[in-house]
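The values are calculated or read from the model by the stated rules, or taken from the named source; none is laboratory data. Small disclaimer: the values here were computed from a predicted structure and weren't measured. Cβ placement follows ideal geometry from the backbone for every residue including glycine, while neighbour counts extend to all protein chains displayed.
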Amino acid sequence: MATKRGVSLNSPALTYDKGELCIEGVSVKKIAAQHATPFFVYGQKTLLSNYQEFFGEAQMAGLPRPLVCFALKANPNKELLKLLAAEGSGADIVSGGELRRALESGIPAERIVFSGVGKTNDEIALALNCGTNGVYSFNVESIEELEHISVVAAKLGKVARICFRLNPMVKAKTHKYISTGNKTHKFGLLQKDILKAAKDKKHWKHCKLVGLSVHIGSQLLDLKATGSAIVTMGELARKLPHELEFLDVGGGLGVAYHPDEAKKLPAISTYMALVAKSLEASYFGHFKVKPPVRVVFEPGRRIIAKAGFFVMSVLRHKVSEDQRFLIVDGGMNDFMRPSLYDAFHDLVPVKAPAGKKLPTHVVGPICESSDCFAHGRPMPAMKSGDLLVLSDAGAYGFSMGSNYNLRGKPTELLVTGEQDIRVVNKAQSYEELR
Ligand SMILES: *Cc1c(COP(=O)(O)O)cnc(C)c1O
């Protein structure tokens, strides 16, 4: 972690140049002179290098024909998806809207996996009708879902490619709202139910079992549960009376939002070594001739979180006896993670701060007390009009935004490799609000 003038810069895309904050070398002040705050800015170099590192390390770990399916719910911006599509990325989608967005961005149906417990018949039909054979896989989360897919596929004269999402009954060490791998969670199927359905011929007329998947949660920094979940999946795969085409190890790899998390953060190479070791022990190692099974990944946060920033202006400050407030123009409707998960995000002043820091509540304009980006954070004195950057905002930022308080969604900008600034999504006007 680089520390300059007492400011933590836990994000590789951020630097101070002559006392001014830059994102991938472009001055934030310069960007804000052309675009009204609040806005999101993404760094193309960071995004692409994150993807390339992830894919490259999967190959280096010897995993066969890795397919990296970026989780669209982390960030569905079409221009960013086009960049990933050109790199060969696939998509992990959870709705018909995300399916259409992925296809429109140039991600082919053969590289799309469809997750989620509540796929509707219309969404199933859409996913069967795209590409030549429909999506690469429906990641099925209940037996009724399998039955519904069968009915829709029969009606359309198609064969649906099916993957069972395993609930491995592990407890991932993460926030309870983003933990998904235990029996009490709505996600995935239990081993015994998968085995029973796999052996029941009635399911396999209009459906073909081609894979297994597992995804135990998000923002994972401790990979113990991840390893055991993958081992459980590999062992189950050997018991199935079907020839599988892939094993999908899900997403969930965390990032360091807080400097303390930087010490715990698993390197991508460490993660890939764990995936390789777990699959070798539970699956590949048990065959004389390795089966032609590829490994699928569904990362979201690790690819995009550190490539995005949310830029706000200070509107005013106020002091209520011993409580100091900095009121900014971005709100929880724009960036929800602090309100929803009590998540920590670094807040970096654009002018390199001089002078003493005092504990400050950094709050937005929304009429909710939870509209707070930081409680009692040591902050330098800032005045009306000063710019403030919230770091690591690329994942679950814009995509979780709402129009609460009848506020339009903010602009999204991209700093390209040539240090140009492109508008990749215009701010929503009042007329566009519903
Ligand atoms: C959300 C989600 C992901 C992506 O999770 P990240 O933590 O962003 O990597 C992957 N797969 C499934 C099924 C998901 O629901």
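Exactly one of these conditions fails for residue 345: (1) under 21 Å from residue 72 (Cα atoms); (2) buried (at least 20 other Cβ atoms within 10 Å of the Cβ). Give me its number.
Of (1) under 21 Å from residue 72 (Cα atoms); (2) buried (at least 20 other Cβ atoms within 10 Å of the Cβ), only one is false for residue 345: (1).
Quick check on this structure: which one of 118, 134, 188, 106 is closer than 21 Å to residue 95 by Cβ and modelled with pLDDT under 95?
That would be 188, the only listed residue that is closer than 21 Å to residue 95 by Cβ and modelled with pLDDT under 95.
Restricting the first residue to segment 303-324 and requiring it to be more than 30 Å from residue 412 (Cβ to Cβ), which pairs with a second residue that is β-branched (Val, Ile, Thr) and assigned to a strand (DSSP E or B) meet a Cβ separation below 6 Å and a spacing of at least six or different chains?
Partner pairs satisfying both residue conditions: 324/360.
Determine which member of the set 365, 353, 291 is outside the structural domain of residue 258 (by TED's automatic domain parsing), part of a loop (DSSP other than H, G, I, E, B) and either within 16 Å of the ligand (Cβ to nearest atom) or touching a helix residue (DSSP H, G or I) at 6+ places or on another chain (Cβ under 8 Å) (or both).
Result of the check over 365, 353, 291: 365.
Tally up the residues in segment 254-308 that are charged (D, E, K, R) and surrounded by fewer than 21 Cβ atoms within 10 Å (Cβ to Cβ), please.
Residues meeting the conditions: 9.
Name every residue in segment 240-258 that is more than 9 Å from the ligand (Cβ to nearest atom), farther than 20 Å from residue 64 by Cα and not hydrophobic (A, V, I, L, M, F, W, C), in order of residue number.
Across segment 240-258, the qualifying residues are 241, 257, 258.
Residue 266 is checked against (1) assigned to a helix (DSSP H, G or I); (2) touching a strand residue (DSSP E or B) at 6+ places or on another chain (Cβ under 9 Å) and fails just one. What number does that condition carry?
(1)
Residue check: is residue 232 buried (at least 16 other Cβ atoms within 10 Å of the Cβ) and modelled with pLDDT under 95?
For residue 232, the condition - buried (at least 16 other Cβ atoms within 10 Å of the Cβ) and modelled with pLDDT under 95 - is not met.
What about residue 208, is it under 15 Å from residue 247 (Cα atoms) and over 23 Å from the mean Cα position of the chain (by Cα)?
Spelling it out, residue 208 is indeed under 15 Å from residue 247 (Cα atoms) and over 23 Å from the mean Cα position of the chain (by Cα).
Mind checking whether some residue in segment 305-324 is within 16 Å of the ligand (Cβ to nearest atom) and more than 19 Å from residue 38 (Cα to Cα)?
no
Are there any pairs, at least 6 apart or on different chains, whose C-beta atoms fall under 6 Å, with the first in segment 113-129 and closer than 13 Å to residue 149 by Cβ and near the ligand (Cβ under 10 Å from one of its atoms) and the second of a type in the set (A, V, I, L, M, F, W, C) and part of a helix (DSSP H, G or I), and if so, which?
Matching pairs, first to second residue: 114/127.
Which ones in segment 62-83 are surrounded by fewer than 20 Cβ atoms within 10 Å (Cβ to Cβ), under 14 Å from residue 275 (Cα atoms) and under 16 Å from the mean Cα position of the chain (by Cα)?
None; the set is empty.
What's the total number of residues in segment 176-213 that are in a loop (DSSP other than H, G, I, E, B) and over 23 Å from residue 150 (Cβ atoms)?
Going through segment 176-213 one residue at a time, the tally reaches 6.
Working only within segment 225-255, note down all residues that are among the charged types (D, E, K, R) and under 19 Å from the mean Cα position of the chain (by Cα).
248
Looking at 48, 99 in this structure, which one is of a type in the set (A, V, I, L, M, F, W, C) and buried (at least 20 other Cβ atoms within 10 Å of the Cβ)?
Among 48, 99, only 99 is of a type in the set (A, V, I, L, M, F, W, C) and buried (at least 20 other Cβ atoms within 10 Å of the Cβ).
Quick check: anything in segment 73-91 outside any strand (DSSP E or B) and touching a Pro at 6+ places or on another chain (Cβ under 7 Å)?
Within segment 73-91, not a single residue is outside any strand (DSSP E or B) and touching a Pro at 6+ places or on another chain (Cβ under 7 Å).
Could you list all residues from segment 214-224 that are within 19 Å of the chain's Cα centre (by Cα) and either in a helix (DSSP H, G or I) or not acidic (Asp, Glu) (or both)?
Listed by number, the residues that qualify are 214, 215, 216, 217, 218, 219, 220, 221, 223.
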